[in-house]
Amino acid sequence: MPLNAQELHRKDLQPDPFAQFSEWYRMASETEPEVEAAALATASGRAATVRMVLVRRFDENGFQVFTNYNSRKAEDLDKSGQAELLYYWHSLSRQVRISCQATRLGPAESNDYFGSRPRGSQIG
């Protein structure tokens, strides 16, 4: 177990899962090089797939992952709407699994995010 990891006891958890996640995220951001990295699993009529993504924003309304609308993950999410995220923070000995219904953000939010990215990332 990593040196700064704490034992996990149900009595120590916050009743609000988003508040608990936010606390762990804050703690992990102090030690993890890519705190926003998570595994995203999707499935449609084909086999399930999983890949690493960066979750750029989250709040009590959900977790935002940005992707090319023509990518396989976008196609899977459009077809099934089902997704799972898995965060793993080694320094905390914590993993958080999130099962969710995925929906597209509005065009304004997508365009704002795209516009905020470096030119090289936009081209990619």
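The values are calculated or read from the model by the stated rules, or taken from the named source; none is laboratory data. The shown structure was predicted, so the numbers you read here are calculated from the model rather than taken from an experiment. Using ideal geometry, Cβ is built from the backbone for each residue, glycine included, and neighbour counts are taken over all protein chains shown. Quick note on the areas: whole protein, heavy atoms, side chains included, nothing else; ligands and nucleic acids left out. Shrake-Rupley method; radii C 1.70, N 1.55, O 1.52, S 1.80 Å.
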- request: Would you check if there is a residue in region 63-74 being small (Gly, Ala, Ser), modelled with pLDDT of 90 or more and at negative phi?
  value: no
- request: Name the single residue, out of those in region 80-107 being modelled with pLDDT under 85, of a type outside the set (Val, Ile, Thr) and open to solvent by 70 Å² or more (accessible area, probe 1.4 Å), that is farthest from Ala37 (Cα to Cα).
  value: Pro107
Positions within region 49-67 being farther than 18 Å from Tyr88 by Cβ and hydrophobic (A, V, I, L, M, F, W, C), in sequence order: Phe66
query: Given region 7-72, what strands (runs of 3 or more DSSP E) lie entirely inside it while holding 1 or more residues that are open to solvent by 90 Å² or more (accessible area, probe 1.4 Å)?
result: 49-59
